[in-house]
Amino acid sequence: MDLTARTRVWRHGRLEAEDFPAARISDYLAEPDTTVWLDLCSPDAEGLQVISEELGLDPMAVEDAISHHERPKLDRYERHLFLNAYAVRLEGDSGELRTHEISAFVTDRALVTVRGDEEFDVEALLQQWDSSPDLAEHGVAYLLHGLLDLIVDQHFDAVQSLDTEIDNLEEHLFANEVPDRESQHRSYRLRKSLALLRRVVLPMREVVNTLLRRDLHVVPAAMTPYFQDVYDHVLRATEWTESLRDVVTSLQETRIAMQGNHLNQVMKKLTGWAAVIAVPTAVTGFYGQNVPYPGYGKHWGFLVSVAILVGTALALYAVFKKRDWL
């Protein structure tokens, strides 16, 4: 196991030590009134073997922790809970949503977090815990609340950023009237990010709701309002995501309609100009026949043909212009 893993221990609700060797976890757990946190980054099965034996972690949960792309969930095992969730961040320049998988083993007196990569902000998690030291007396529930609160806040920030980006896309769409290639690409990226965020956010409603069940005995009564607040944030993020989904669908339909309208305008103008050109072409073709016709071989016949050409072209142009076909 990685001995450089991040660690902390609280005793009687007060932080006692941090960044100690992971091998000392069992010593701290043997002492009364202690709560331990261990953080591992991208461990393999061998790296989790020692801690899984000490804490009695289920092999199936350990397998889920080291595998990737598990859905957000909360599984209940005999001696612990297994949580899987995703921290997110929206890239403002590209509109792409970055996800960082994090798993957690929740026991009576220990929280073990397993990160899929280095991108998850552990320092932000520590600040989350340090900002409410008065709750540390509630042990694992306090640690779990800080973790979930941080993850859900990131979900909420991502939804808010997506809302802003979609508003900007809407303004850009109607400002240009005709959607350009860049707006089409950005619309596709935002729809893809929104679909991914929706898959991450929606299951969290079930996760937090399950933790609030009293039969799990994970959340004490004093911590229930804090978890309820997290649940409210999850609901707001979920509802906001669903509303953005409708907005993006409407934008997509509007973009297609605008493209169709633009194509109709182009075809209307092309048809109008074709009609303007068709009549002079017919006149010149008629007068170009090698047969006698009124004015054939006469100077006045040429002037009449020119007058007919110009007159019909101007008349057609005036009619089409009045009907906004040109």
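What follows is calculated from the coordinates using simple rules that are stated; it is not laboratory data. Model, not experiment: these values are computed from the prediction. A quick note on method: Cβ atoms are made from the backbone with ideal geometry, for glycine too, and the neighbour counts reach across all protein chains shown.
Picking from Ala221, Ala282, Ala158, which is most flexible by a Gaussian network model of the chain using Cα springs under 10 Å?
With Cα springs under 10 Å in the chain, the top fluctuation among Ala221, Ala282, Ala158 is at Ala282.
If r is the Cβ-Cβ distance from Ala124 to Asn261 and R0 is 35 Å, what FRET efficiency results, to the nearest 0.05? Each step should come with its number before you reach the end.
On the way: r = 47 Å, r/R0 = 1.35.
For Ala124 and Asn261, the calculated efficiency is 0.15.
If neighbour count is taken as other Cβ atoms inside 10 Å, put Lys322, Lys192, Lys73 in order from fewest to most.
Values: Lys322 9, Lys192 13, Lys73 16.
Fewest to most other Cβ atoms nearby, the residues stand as Lys322, Lys192, Lys73.
Springs between alpha-carbon atoms under 10 Å, Gaussian network over the chain: tell me which of Trp37, Trp129, Trp300 tops the mean-square fluctuations.
Trp300
Along the charge dipole of the chain, pointing to its positive end and built from +1/-1 on Cβ of Lys, Arg, Asp and Glu, which listed residue (Ala307, Leu235, Ala110) has its Cα farthest out?
Among Ala307, Leu235, Ala110, the one farthest towards the positive end of the dipole of the chain is Ala307.
Normalise the Cα radius of gyration of the range 6-258 by 2.2 N^0.38 Å (N = residues in it) and let me know the number. Walk me through the numbers before you get to the answer.
Working: Rg = 20.5 Å, N = 253, 2.2 N^0.38 = 18.0 Å.
The range 6-258 yields a ratio of 1.14.
Tally the DSSP beta bridges in the range 6-258 and give the antiparallel ones as a percent, rounded to 5. Write down the numbers at each step before the final one.
Working: 29 of 35 bridges.
Approximately 85 percent, going by the DSSP bridge assignments.
Label Ala278 and Ala318 with points 7 Å out from Cα along Cα→Cβ: what is the distance between them in nm?
Roughly 2.1 nm, to one decimal.
Picking from Leu194, His68, Ser132, whose Cα lies most toward the positive end of the charge dipole for the chain (charges on Cβ: Lys, Arg +1; Asp, Glu -1)?
Towards the positive end, the residue furthest out is Leu194.
Roughly how many nanometres apart are two label points built 7 Å out from the Cα toward the Cβ at Asp215 and Asp19?
If labels sit at Asp215 and Asp19, their model points lie 4.5 nm apart.
Mind jotting down the distance between the C-alpha centroids of the range 67-141 and the range 178-250, whole Å?
Here the answer is 16 Å between Cα centres.
Over the chain, how many pairs of lysines fall under 19 Å by alpha carbon, counting only those 8 or more apart in sequence or from different chains?
4
Would you mind ranking Glu31, Glu165 by Cβ crowding within 10 Å, fewest neighbours first? Display every interim value, and only then the final one.
On the way: Glu31 12, Glu165 20.
Starting with the residue having the fewest Cβ neighbours, the order is Glu31, Glu165.
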